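Here's the structure, in structure tokens; my notes come after.
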Amino acid sequence: MAHELTVQELEKFSAEFNKKPENKVVARAAQRSGVLEASYNDRVQGQLTRVFSTELDTNNVTNQKHSGRCWLFATLNVLRHAFGKKYKAKDFTFSQAYNFFWDKIERANMFYNRILDSADMPLDSRQVKADLDFAGSDGGQFQMAAALVEKYGVVPSYAMPETFNTNDTTGFATALGDKLKKDALVLRHLKQYGKDDEIKKVREKFLSEVYQMTAIAVGEPPKTFDLEYRDDDKKYHLEKNLTPLEFLHKYMGDVDFDDYVVLTNAPDHDYNKLYGLPAEDNIEGSLRIKLLNVPMEYLSSAAIAQLKDGEAVWFGNDVLRQMDRKTGYLDTNLYKLDDLFGVDLKMSKADRLKTGVGQVSHAMTLVGVDEDNGEVRQWKVENSWGDKSGVKGFVMNNEWFKDYVYEVVVHKKYLTENQKKLAEGPITDLPAWDSLA
């Protein structure tokens, strides 16, 4: 039922606000320093100790800067920790720019596939609009990064360094998105008029232009490189003329992405089901994005087991909630906004997902956990925001893990037998506008 605000109502609201003297005090603090600073709970710092009962040997911190490549950074951070442990080289890092380059080409190809598949749908249909909105995007999922590594391998960070346009993808993303959307109109027209013979030629031209744009913005990837590093014992290592795939298979050949499962906790969906996100798959014929939805305790137990075996854990989360970038604190009680405003802002995890309040906005890496008699106290988090955020990473309390972590990537050996079977399929595909997308 529609309601029109009246002057009398507004005067009543004002009177109710002003009859509470404390509102004026709180308002002055909030207006001067901002609602987050005014509601900051400094008691959190006494509870997040940065001491962990299980902790991986880590050192330097990567920095995605002004880009949406957290999903790629987190995946390559897991790989570099595996490399560092195996070869005693904890400072070794992989090039994110290398895999980012190939993602732009592969993702453009998938975009054209989707545009052609939906050519008979109206341009303003939900599906076509979702595809167009994704054009030029930086965001991604674990399997997207894994698919890139499987197909193109990896290179050390020095073999393909960051550029201005990888550190700040804004300009390139806008230009590439504009091009893809313009191309979509051409491909839709050809498909609608049955000109299938022209589509192949036009599509190849478009992909060549995407390659050209990416090579200009990012630089062409190396076909070969020399592997050169000193390990933690200062011993020098050199192997010349490796291809990226040779490097992957020779040095990281024991990593099989097919052995890893993304466990998700989305209580607005049915548990014990395997969901797919076909709208975000980035390489045709490669790894699909699959999420096995289970109760939260399974994400926690599997992540702890993997950490205790000395392996980092990729995890998807909503880092924009209850986070302080400077200290690196992630705590559900960090900002007492309910107390500041005098209203109840609490929502269940399911309701946050249903309404869009909750989302997977970021990916990071778990590198430690602190337990007390089986109870988790806090987690050590490696972020990709450089060494000026937190103390070489973040520290997260277990309540934040339960509330704002939505995905962990773990080896299937940490799953129950039933979960292993579920992870093999069948898959229930979700639309691009689903809360898990």
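The values are calculated or read from the model by the stated rules, or taken from the named source; none is laboratory data. All values reported here derive from a predicted model rather than from experimental measurement. Virtual Cβ from ideal backbone geometry, glycine too; neighbours counted across all protein chains shown. Areas reflect the complete protein model, heavy atoms only, side chains present, ligands, DNA and RNA absent. Shrake-Rupley method; radii C 1.70, N 1.55, O 1.52, S 1.80 Å.
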Q: For the stretch 81-119, enumerate the residues that are aliphatic (A, V, I, L, M), surrounded by fewer than 21 Cβ atoms within 10 Å (Cβ to Cβ) and more than 28 Å from His66 (Cα to Cα).
A: Leu116, Ala119
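In the stretch 77-114, which residues are over 18 Å from Leu277 (Cβ atoms) and among the aliphatic types (A, V, I, L, M)?
Val78, Leu79, Ala82, Ala89, Ala97, Ile105, Ala108
Just to confirm my filter: which helices (runs of 4 or more DSSP H) fall fully inside the stretch 169-276 and include at least 3 residues that are over 30 Å from the mean Cα position of the chain (by Cα) and in contact (Cβ under 8 Å) with a residue 24 or more places away in the chain? Step through it out loud before you land on a result.
On the way: elements: 170-192, 196-218, 244-251.
Result: 170-192.
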Q.
I'd like the full set of residues that are of a type outside the set (A, V, I, L, M) and touching a residue at least 40 places away in the same chain (Cβ under 8 Å), limited to the stretch 277-305.
A. Pro278, Glu280, Asp281, Asn282, Glu284, Ser286, Arg288, Lys290, Tyr298, Ser300, Ser301
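Conditions tested, residue by residue: (1) buried (at least 17 other Cβ atoms within 10 Å of the Cβ); (2) of a type in the set (Gly, Ala, Ser); (3) under 19 Å from the mean Cα position of the chain (by Cα).
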| position | (1), (2), (3) |
| --- | --- |
| Gln322 | yes, no, yes |
| Gly328 | yes, yes, yes |
| Tyr335 | yes, no, no |
| Leu340 | yes, no, no |
| Lys346 | no, no, no |
| Lys354 | no, no, no |
| Thr365 | yes, no, yes |
| Val410 | yes, no, yes |
| Leu422 | yes, no, no |
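Residues checked against (1) under 21 Å from Asp281 (Cα atoms); (2) open to solvent by 20 Å² or more (accessible area, probe 1.4 Å):
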site: Asp131; (1), (2): yes, no
site: Ala146; (1), (2): yes, no
site: Gly153; (1), (2): yes, no
site: Asn165; (1), (2): no, yes
site: Thr174; (1), (2): yes, yes
site: Asp178; (1), (2): yes, yes
site: Lys182; (1), (2): no, yes
site: Tyr193; (1), (2): no, yes
**Q.** Matching residues, the stretch 424-434, being surrounded by fewer than 15 Cβ atoms within 10 Å (Cβ to Cβ) and hydrophobic (A, V, I, L, M, F, W, C)
**A.** Trp433
Q. Checking Gly140 against (1) open to solvent by 10 Å² or more (accessible area, probe 1.4 Å); (2) within 16 Å of Val210 (Cβ to Cβ); (3) of a type in the set (Gly, Ala, Ser); (4) in contact (Cβ under 8 Å) with a residue 60 or more places away in the chain, which single condition isn't satisfied?
A. (2)
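Please state which one of Val78, Val61, Val44, Val7 is of a type outside the set (Lys, Arg), open to solvent by less than 50 Å² (accessible area, probe 1.4 Å) and farther than 26 Å from Tyr152 by Cβ. Before the answer, list the steps.
Details: Val78 fails: farther than 26 Å from Tyr152 by Cβ; Val61 fails: farther than 26 Å from Tyr152 by Cβ; Val7 fails: open to solvent by less than 50 Å² (accessible area, probe 1.4 Å).
Being of a type outside the set (Lys, Arg), open to solvent by less than 50 Å² (accessible area, probe 1.4 Å) and farther than 26 Å from Tyr152 by Cβ holds for just one of Val78, Val61, Val44, Val7, which is Val44.
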Q) Listed residues Pro161, Pro122; which is more than 24 Å from Lys290 (Cβ to Cβ), surrounded by fewer than 16 Cβ atoms within 10 Å (Cβ to Cβ) and in contact (Cβ under 8 Å) with a residue 40 or more places away in the chain? A) Pro161
Q.
Given the condition over 29 Å from Gln64 (Cα atoms), aliphatic (A, V, I, L, M), touching a residue at least 40 places away in the same chain (Cβ under 8 Å) and in contact with a strand residue (DSSP E or B) (Cβ under 7 Å, 6 or more places away or on another chain), answer yes or no: does some residue in the stretch 402-417 qualify?
A. yes
Q) Does at least one position in the stretch 282-289 carry a residue that is at pLDDT 95 or above and not in a loop (DSSP other than H, G, I, E, B)? A) no
